[in-house]
Amino acid sequence: MCRYLLLFLLALLVACSPAEEPGTVGVEPIGAPAMPRALAPASHGRVITLAADPWCPHNCTAGAALEGYMVDVAREVFGEAGYEVRYMNVSWARALQLTREGVVDGVVGAFVGDAPDFIFPDEPLGYSQINLYTHPQSQWLYRGIDSLRGQTLLAINGYSYSPELDAYIDAHLQNQERVWILSGPAPLNRAIYLLDQHRTDVFPEDRYVLEWAIRQLDDVAMPRTAGRLFEARTYIAFSPANPESPELARLLSEGTRTLRTSGRFSNLLASYGLTDVD
């Protein structure tokens, strides 16, 4: 009961926290413990708690009619195994921290590069194509990392984009003319608006996520694709602090294969306008 109360209070605090000021870098205090250190690892009984920021259609807003195909798959697979899945939204950096500490069981929508110390299933749930986007009037094209010179790159705190771009972001983190970091539980729409308002030059994002977000916004033009950056498999990844994580990863892999074989996986994807080849 104590654990569930703490998770509820965490969600309440996130919902009530103020947005960061424009231009600030790394404002979220991700190094501070989010929960008491004495809290036991997340899985107790038959409940699995997953966390992420909204990254629709892979994973969407918790409690929405469409929570994302990855969440749908997790609910079906773990439901068959007798688990209840609880899904919550926090910032991506916070989701990684909570999972690493064992406060929650896993993160949804992870690349291996996001958290190589986590426990990953053998079977991926999805596929991500990361493009670089600009304002529609821009003529800039991505021709490798060196071509970012003279551009302001907008990135989201805690995200992994590609090995090269991650290293570039780390190298220029203190120079806001080169790299500008957004924090918070739902920074995607703000990033799109900043790009649309010419307040930044380049924004990397998953193709499907950006297209989904633009369809929900009436007053923003589709950004221009300036080049493909990276392609990666996407996963639900589990806490290295939880001894049950290898078993959870195994269950998810086997269950995902079963859903693919039966055609159920394709039916879940179709709810989001996707196919398994995506």
Any residue at all in segment 72-79 that is of a type in the set (A, V, I, L, M), closer than 22 Å to residue 193 by Cβ, open to solvent by 10 Å² or more (accessible area, probe 1.4 Å) and modelled with pLDDT of 95 or more? no
Against the conditions (1) over 15 Å from the mean Cα position of the chain (by Cα); (2) among the charged types (D, E, K, R); (3) not in a loop (DSSP other than H, G, I, E, B), where does residue 233 fall short? Just the number, please. (1)
Taking segment 102-151, which residues are of a type in the set (Gly, Ala, Ser), within 30 Å of residue 256 (Cβ to Cβ) and in contact with a strand residue (DSSP E or B) (Cβ under 8 Å, 6 or more places away or on another chain)? 106, 109, 110, 113, 115, 126, 128
Among the residues of segment 172-214, which ones are closer than 19 Å to residue 111 by Cα, open to solvent by 20 Å² or more (accessible area, probe 1.4 Å) and modelled with pLDDT of 95 or more? 207, 208
Being within 30 Å of residue 193 (Cα to Cα) and touching a helix residue (DSSP H, G or I) at 6+ places or on another chain (Cβ under 8 Å) narrows it down to one of 268, 252, 229, 259, so name that one. 229
Under 8 Å between Cβ atoms, at least 6 apart or on separate chains: pull out the pairs that start in segment 130-142 with a residue that is farther than 15 Å from residue 207 by Cα and end on any residue that is hydroxyl-bearing (Ser, Thr, Tyr). 140/134; 140/147; 141/147
Cross-chain or 6+ apart pairs with Cβ under 6 Å, segment 247-259 first and closer than 15 Å to residue 269 by Cβ and hydrophobic (A, V, I, L, M, F, W, C), then open to solvent by less than 10 Å² (accessible area, probe 1.4 Å) and not in a helix (DSSP H, G or I): none
Among the candidates 264, 260, which residue alone is open to solvent by 80 Å² or more (accessible area, probe 1.4 Å) and modelled with pLDDT of 95 or more? 264
Is at least one residue of segment 56-68 more than 17 Å from residue 188 (Cβ to Cβ) and touching a helix residue (DSSP H, G or I) at 6+ places or on another chain (Cβ under 6 Å)? no
Are there any pairs with C-beta distances below 8 angstrom linking a residue in segment 58-69 that is touching a residue at least 40 places away in the same chain (Cβ under 8 Å) to a residue that is among the β-branched types (Val, Ile, Thr), with the two at least 6 apart or on different chains, and if so which? 58/108; 58/209; 58/234; 59/71; 59/108; 68/108
What tally of residues in segment 158-171 results from selecting those that are open to solvent by 30 Å² or more (accessible area, probe 1.4 Å) and not in a helix (DSSP H, G or I)? 2
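The values are calculated or read from the model by the stated rules, or taken from the named source; none is laboratory data. These figures come from a predicted structure and were not determined experimentally. Every residue, glycine as well, gets a Cβ built from its backbone with ideal geometry; the counts of neighbours run over all protein chains shown. The protein model used for the area step is the full one, side chains on, heavy atoms only, and it has no ligands, DNA or RNA in it. Shrake-Rupley method; radii C 1.70, N 1.55, O 1.52, S 1.80 Å.
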